[in-house]
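Peer 1: Encoded as structure tokens, here's the structure I'll be asking about.
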Amino acid sequence: MALPQLSAEDRAKNLAKAAEMRSKRSALRAEIKEGNITLVEILKRAEDPVVGRMKVTTLIESLPGFGKAKTSALMDSLGISPSRRVQGLGQRQREELLKALS
């Protein structure tokens with residue numbers, strides 16, 4: 001599949017939009033780390049592009065007390081792929097994730 005040819009203006013707009021989304025996800029991760037927002041609230045906002053496109057591993061690593069090793073072990077035990085994004089979680093996976101982290 002060939003990539004579309006974008007004008008310099010379209011490319012700049014897309015780059016700015018991507019940077020804005022990364023910035024919003026970073027701010028969200030900071031709120032999670034500080035405890036200002038709970039995992040339940042995050043999962044309820046899965047349709048929000050900022051939340052929905054975040055990888056589940058990134059979300060879990062944002063929680064206090066979770067690093068790469070603990071996150072990887074949890075994801076393996078729940079059968080969630082490391083590349084899965086929040087919006088792609090099934091209902092059962094959400095329930096098991098909440099149960100494991102509660």
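Peer 1: Tell me which of Leu98, Met21, Ala69 sits at the most positive position along the dipole axis of the chain, charges placed on C-beta atoms (Lys, Arg +1; Asp, Glu -1).
Peer 2: Highest projection toward the positive end goes to Ala69.
Peer 1: Between Glu41 and Asp76, what FRET efficiency follows from the Cβ-Cβ distance if R0 is 30 Å, with the result rounded to 0.05?
Peer 2: 0.75
Peer 1: Let me ask you something else. Each label point is 7 Å from the Cα along the Cα-to-Cβ direction; what then is the distance between the points at Ala2 and Lys68, in nm?
Peer 2: 3.9
Peer 1: How many angstrom lie between the C-alpha centres of segment 67-82 and segment 22-40?
Peer 2: 20
Peer 1: Still on this structure: For Arg29 and Leu15 in one chain, what is 0.36 nm times their gap in residues minus the Cα-Cα distance, to one decimal in nm? Walk me through the intermediate numbers first.
Peer 2: Numbers: separation 14, 0.36 × 14 = 5.04 nm, distance 2.11 nm.
My answer for the length gained is 2.9 nm.
Peer 1: Show me the trypsin sites (Lys or Arg not before Pro) within segment 17-76 that DSSP assigns to loop and that have at most 16 other Cβ atoms within 10 Å of their Cβ.
Peer 2: Arg45, Arg53
Peer 1: How big is the dipole moment of segment 22-101 about its Cα centre under a simple scheme where the beta carbon of each Lys and Arg is +1, that of each Asp and Glu is -1, and everything else is neutral? Debye, nearest 20, please.
Peer 2: 260
Read the figures in this text as sums done on the coordinates, not as results from a lab. Quantities reported herein were computed from a predicted structural model and do not represent experimental measurements. A quick note on method: Cβ atoms are made from the backbone with ideal geometry, for glycine too, and the neighbour counts reach across all protein chains shown.
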